[in-house]
Amino acid sequence: MIRPLRISLFFTLLFLLAGCAGVTIEDYADSEPRLDVAEYFAGSTRAWGMVQDYSGEVQRRFTVDIQGSYEDDTLTLDESFVFSDGETDRRVWTFERIDEHSWVGTASDVEGQVEAHQYGHVFHMRYPLEIEIDGRMISFTMDDWMYLQSDGRLINRTAMRKFGFTLGEITLVFEKN
């Protein structure tokens with residue numbers, strides 16, 4: 001009687017662990033509509049977003065206007081942020097296309113190069129970013145996922161992680177101007 005119980009527990013545990021494996025960008029390879037970030041961000045784009053803390057409480061809201069250009073396999077995104085409290089910020093991303101699915105990006109406030117990938121309707125990148133919180137600079141790992149919708153809007157979800165724990169999330173909705 002104990003042996004069938006052990007076997008049952010083993011397969012239950014195996015099933016649960018398999019469910020925790022996580023999604024990879026390649027899982028979206030056949031999804032539609034196809035997203036090419038160079039095509040999407042060429043020209044003017046506007047996004048509306050919010051930052052939530054670990055409990056889900058909205059801490060900040062913002063808009064971002066993006067001017068994008070794509071030339072010779074280089075995508076440049078000039079992002080101008082306006083927060084609901086009046087604060088402004090700017091980030092300029094430069095991405096070099098490596099192949100159909102891969103990019104390498106840099107930004108002035110991001111340490112080192114960022115590997116990014118696009119498959120199907122999804123774009124993903126993970127990068128370190130220092131953010132000022134209560135007068136202190138804290139380094140987070142930003143796990144950034146963008147999903148193109150059939151109406152042309154792009155939804156972006158970013159987990160802000162520290163020591164493997166998600167301490168905040170950023171959500172944006174992009175729309176072409």
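Among all residues of the stretch 102-112, there is none that is of a type in the set (Asp, Glu) and at pLDDT 95 or above. Taking the numbered list (1) under 27 Å from Glu26 (Cα atoms); (2) in a loop (DSSP other than H, G, I, E, B); (3) not charged (D, E, K, R) in turn, Gly86 passes all entries but (1). Among the residues of the stretch 106-124, the ones that are within 19 Å of Val51 (Cα to Cα) and assigned to a strand (DSSP E or B) come to 2 in all.
Selection within the stretch 1-29: residues that are in a loop (DSSP other than H, G, I, E, B) and at pLDDT below 95. The member of this set that is surrounded by the fewest Cβ atoms within 10 Å (Cβ to Cβ) is Met1.
Listed here are the residues, each with its yes/no results for (1) β-branched (Val, Ile, Thr); (2) farther than 23 Å from Phe140 by Cα; (3) crowded, with 16+ Cβ neighbours inside 10 Å; (4) in contact with a helix residue (DSSP H, G or I) (Cβ under 7 Å, 6 or more places away or on another chain).
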{"position": "Pro33", "(1), (2), (3), (4)": "no, yes, no, no"}
{"position": "Asp53", "(1), (2), (3), (4)": "no, no, no, no"}
{"position": "Leu77", "(1), (2), (3), (4)": "no, no, yes, yes"}
{"position": "Glu100", "(1), (2), (3), (4)": "no, yes, no, no"}
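Checked against the criterion of being under 15 Å from Val37 (Cα atoms), in a strand (DSSP E or B), among the hydroxyl-bearing types (Ser, Thr, Tyr) and within 15 Å of the chain's Cα centre (by Cα), the candidates Tyr147, Tyr127, Tyr70 yield just one match: Tyr147. Since Gly152 meets every condition but one in (1) of a type outside the set (Phe, Trp, Tyr); (2) under 19 Å from Leu77 (Cα atoms); (3) assigned to a strand (DSSP E or B), which condition does it not meet? For Gly152, the exception is condition (3). Within the stretch 35-45, the set of residues being assigned to a strand (DSSP E or B) and loosely packed, with under 15 Cβ neighbours inside 10 Å comprises Gly43, Ser44. Among residues of the stretch 130-144 being exposed (fewer than 15 other Cβ atoms within 10 Å of the Cβ) and not aliphatic (A, V, I, L, M), the one that is nearest to Ala38 (Cα to Cα) is Glu130. The set of residues in the stretch 145-177 being surrounded by fewer than 12 Cβ atoms within 10 Å (Cβ to Cβ) and either closer than 19 Å to Gln118 by Cα or of a type outside the set (Gly, Ala, Ser) (or both) consists of Ser150, Asp151, Gly152, Phe163, Phe165, Asn177.
The values are calculated or read from the model by the stated rules, or taken from the named source; none is laboratory data. Note that this is a predicted model, so its numbers are computed, not measured. Positions of Cβ are generated from backbone atoms using ideal geometry, with glycine treated the same way; all protein chains shown enter the neighbour counts.
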